[in-house]
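A short write-up of the structure that comes next.
Computed from the coordinates by the stated procedures, all read-outs in this text should not be read as laboratory data. No experiment lies behind these values; they were computed from the predicted model shown. Using ideal geometry, Cβ is built from the backbone for each residue, glycine included, and neighbour counts are taken over all protein chains shown.
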Amino acid sequence: MNEAPARLSLAEWDVRYDTLRQRGLREAWYGGSLSRHVEHGDRRLLSLRFDNSPAALRLWNLLLTEEERLHAARAGGKKIVGAMKDLGTVPILAYAVPGLVAFYPDGAWWIPCLMEGSAGLLAKAGALGIDDTFCPVRAMLGAFETQRHFPIPDLLTCSVGATCDDFSAIAQRLEHMGHPIHWWEIPHRRPAEPGEEQTLLPTGATVAQSEIAFVARELERLRRVLQDLAGRSISLDDVSASIRAANVVRRLLCALRDAVYGSPCCPLPALEMLIAEVLPVHFCSDRSETEAVLRELLAEVVRRVHCGSGILPQSAVRLFWVNPVADLRIPRLVEDCGGRICGADYMFCHAQATIPENVPPLEALAMAALSDPMAGTAVDRGRWICREARRFGAEAMVISRIPGASHCATEGEIIRRVVTRELPHLPVIEFEVPSVADALLPTLQTRVEALIETVRLRKVKP
Amino acid sequence: MKHVYYTSPFVPPVWIAAHGLKPCLMNVSARDTGTGTSPGECPYARAVINQASRRDDSLFVLTATCDQMRRAAEWLSLEFEQRRGKDEKAKDPYDLDSPVFLLNVPATWHSAARDRYRAELARLGRFLVRKGGRSPDASDLRESLRSGRLQLHVPHTDPVGVRTTAVPLAVVGGPLMEEHAELYRVIERNGGSVALNGSEGCERSQVTPGDASEFVRDPLGMLTALYFDSIGDAFRRPDSGLARWLVPRIEQRSIRGVVFYAYTWCDLWRAQYVSLAEAVKLPSLLLELGGEERLSAGTITRIQAFMESLR
């Protein structure tokens, strides 16, 4: 099964799937051909390109069966926790006990893209007063209203404070629609002032110890709420064990990022990497499968790196990408233009940092939560981006704005200033990517091509 | 005496005055919006940045009550840093030299959040002392309370007056730039009367003066009770405090319609429109305000049509 790496269309994958099956492909219980998801409405898959490895097939199937698996979990008696505006904190608490399954309702922001708008979620959100001046995550509101996607959770939690206004407003609207929310506070991350104790976070930012203590108390409140839902106690030992399990996943992702972004041969497409990077946030509703998927992907990538085989020519220009894109065609566009993504800050970079195991577990989780780039300054975020861009040898940077997102109004410019100071020779461009970017694709393509040409010309000139 | 500029009703001017500094409410003007708004940027936040960055030798207390203002504080701090020539390498925006203080007002209401607001006021006090203020003693506290500096009061948002023949309306929204107070005049010219003012800095965010001896005994406790416990706002979660403030007053004052306003890209107030309109069960109008120096013709026409439908 060790064919040369390639990006396949959906039709090509169907042929390959049959071949793999004949050769004895073993799949997880949620496996199957990718094209079946189109029949369920994910029409965007028809215009994507997929990595040809069985490991990537498993990754896609894990992602695209999440709603189905959540319904099955409920039918099996499990309680569902919707962890909103939460990039990897509450799920770790929830997975500390059997009987709870946590997922990330905000992930619905990809539904308009995957279903090419056919689900009408953005229009539903608009009818509920959340129009297109809000970030595309408003699709989540439509998903709650139609109840045709994920099951309505037994418990909804939402972090608020140093978060984006879009989500805070959308979640509040959701509560007014009759979905009670357990709000918890994530404060703006600030360094210690004179006389205060300071702590270094896993992502390299610093924070006053009093902030960690405050968030740890918030997590203690959450622990009690989750205990009530689970109908059993969640001990600190349970939380510690869950942190250790989450760290296994995080280390796997780190190894995968190092192998993919650090290799000269681009062993895995950017689209599969984008999906892999989101997995530690909530484990795609199944922690053990997430671990298995990442292990398989890593093994495939290590094999490809060892053989020196990649999906793109080695001359592909190395781009660092800032912010997630709601239209999944954009990574392919970059690769088709002669670029490759060699590092990214999709706003969940902190979910790949190892959570400290040598401090009390709620404090450790608080440190993980405070590492969220959204909680800190744009300067802090810019510094992390610079470190990563340097580490992976980025030759240019793209800051993709999220339409309507409150943090994107000024953050991109500050990040650009930090990058210009610290990496003065790195060209940076910024543009906006909507959920369904059809109308903008030619413009985006021209901008990416121009950036890549600029880098290539610099390489030629002494 | 050093001036300390602020914009939010969650910054108690009395606490600044007690430190021997002069609290100054920023009179935010659309003229300060300039042409420099980035895509998605709130014109009010931009106007605050532009106005504040022209004021040297002053201090600024901004609040993390919305994402745009939190980031405006960072931007402003970086502007001052750049002016000080600290641009050789990325510095922390809130280093000890910065004249900008970001007050983290919790969005949630529970007791730990309350304690945190109190701790933030204490941290503000330490900032003011570092910047030349003095640690307040009992007489400073008494004097600042006596001088009536409890209130955030935005004079330009005062309605002209309640006329008995006019249609009583409520106006509800966040901060309002000076020029946009024209909306009160437009309402009044068209037969309305603002009988309930829920704009920031008006009735909704006024606090009742407390007892001086209580203030001297526990200033932070009293300020927390006065401000954090009582002001309902769009950023608070849950936001029930807003409806709790608005609905009974609507009934008491026989209000017949509600005019909501929100600046372009202000998610928090824009989203309030549907929820509060549902809560008050009255004809409601949402006005979207931009950074222009006059109300747009479209905005004025919308007010006129709304008033016509109520008469």
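Of note:
- Per residue of A:185-192, other chain Cβ atoms within 10 Å of the residue Cβ number 5 on average.
- Restricted to Cα atoms, the stretch A:18-70 shows a radius of gyration and a Dmax of 11.2, 31 angstrom.
- Translational diffusion of the protein assembly as shown, µm² s⁻¹ [Kirkwood Rh, Cα pairs; Stokes-Einstein; 20 °C; 1.002 mPa s]: 78 µm²/s
- Potential lengthening between A:Glu413 and A:Val302 on full extension [0.36 nm per residue; Cα-Cα distance subtracted]: 36.3 nm
- Electrostatic dipole magnitude of the stretch A:199-267 [Cβ: Lys, Arg +1; Asp, Glu -1; Cα centre; debye, to 20]: 100 debye
- Spin-label pair B:Glu293-A:Met177: with each label point 7 Å from Cα along the Cα-Cβ axis, the two points sit 4.3 nm from one another.
- Compared with the dominant principal axis of the Cα atoms in chain B, helix B:111-130 is inclined by about 60°.
- Only Lys, Arg, Asp and Glu carry charge here, each on its Cβ (+1 for the first two, -1 for the last two); on that basis the stretch B:3-146 has a dipole of about 280 debye about its Cα centre.
- 11 Å reach of a label modelled at A:Ser309, 7 Å along Cα-to-Cβ, counting backbone N of the stretch A:1-32: A:1-6
- Annotation: extensible slack from A:Arg447 through A:Ser288 equals 53.2 nm (criterion: 0.36 nm per residue apart, minus Cα-Cα distance).
- Low-density loop positions, GluC sites (Glu not before Pro), the stretch B:75-145 - DSSP coil, at most 10 other Cβ in 10 Å: B:Glu88
- Spatially close lysines, pair count over chain B: Cα under 29 Å, gap of eight or more or interchain: 10
- Here the peptides A:21-30, A:161-170 are ranked by packing, the mean other Cβ count within 10 Å, and the order with the highest first is A:161-170, A:21-30.
- Alpha carbon centroid spacing (whole Å) that separates the stretch A:248-325 from the stretch A:61-129: 23 Å
- Sites A:Gln147 and A:Arg43 - FRET efficiency at Förster radius 22 Å, r taken between beta-carbons, to 0.05: 0.55
- 10 Å Cβ neighbours from other chains, averaged over peptide B:67-76: 6
- Per residue of the protein assembly as shown, the DSSP helices (runs of n ≥ 4 H) give a summed -39500 (n - 2.57) that works out to -14000 deg cm²/dmol at 222 nm.
- For the stretch B:62-83, backbone nitrogen atoms closer than 15 Å to the point 7 Å from B:Asp95 Cα along Cα-to-C-beta are found at B:77-83.
- FRET efficiency estimate (nearest 0.05) - Cβ-Cβ, B:Gln252 to A:Asp438, R0 51 angstrom: 0.45
- Placing a label point 7 Å from the Cα of A:Lys459 along the Cα-to-Cβ direction, the residues of the stretch A:252-271 whose backbone N falls under 14 Å from that point are A:264-266.
- Think of each Lys and Arg Cβ as +1 and each Asp and Glu Cβ as -1; about the Cα centre, that makes the dipole of the protein assembly as shown roughly 460 debye.
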